[in-house]
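Heads up: the structure comes next, in structure tokens.
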Amino acid sequence: METLLITIHYVLCSFLILVILLQAGKGADIGAVFGGASQTVFGGRGPATFLNKITAFVAAGFIVTSVWLAHIAKAKSGTTIIDKGSQSEKMDIIPDADKPLMDLKKEVNEAAPDKKTGE
């Protein structure tokens, strides 16, 4: 089921990209004002409204498959990031404020050992 849904998702994604790239920009008819020929194959606003409707339907399908895939992924993992965060708060992983986070002398000696001691 998940493989079929991912395949449908990829097809919708590719088709959505294609439909968006087929649409003309807002200033596409400016060339006709200065003497260029306007491209009216489908009529004045024919392809624009048709492509807009296709884009809306494909985008809705893309969003539905995205949410559905997210739901499947959550069901497989069993926990969410928020659940994991609340678990770490329960474990009290925050260090005490009066204890230093690291021993600087030890860190310096490990990074650059003394030549006198031979370490």
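The values are calculated or read from the model by the stated rules, or taken from the named source; none is laboratory data. Keep in mind that this is a model prediction, so the values were computed, not measured. Cβ atoms come from the backbone with ideal geometry, glycine included; neighbour counts cover every protein chain shown.
Quick notes on this one:
- Put simply, of SER38, SER66 the only residue that is surrounded by 11 or more Cβ atoms within 10 Å (Cβ to Cβ) and modelled with pLDDT of 75 or more is SER66.
- Of the criteria (1) under 23 Å from ALA73 (Cβ atoms); (2) modelled with pLDDT under 90, which one THR3 fails: (2)
- Screening ALA60 with (1) farther than 17 Å from ILE8 by Cβ; (2) modelled with pLDDT of 65 or more gives one miss only, at (1).
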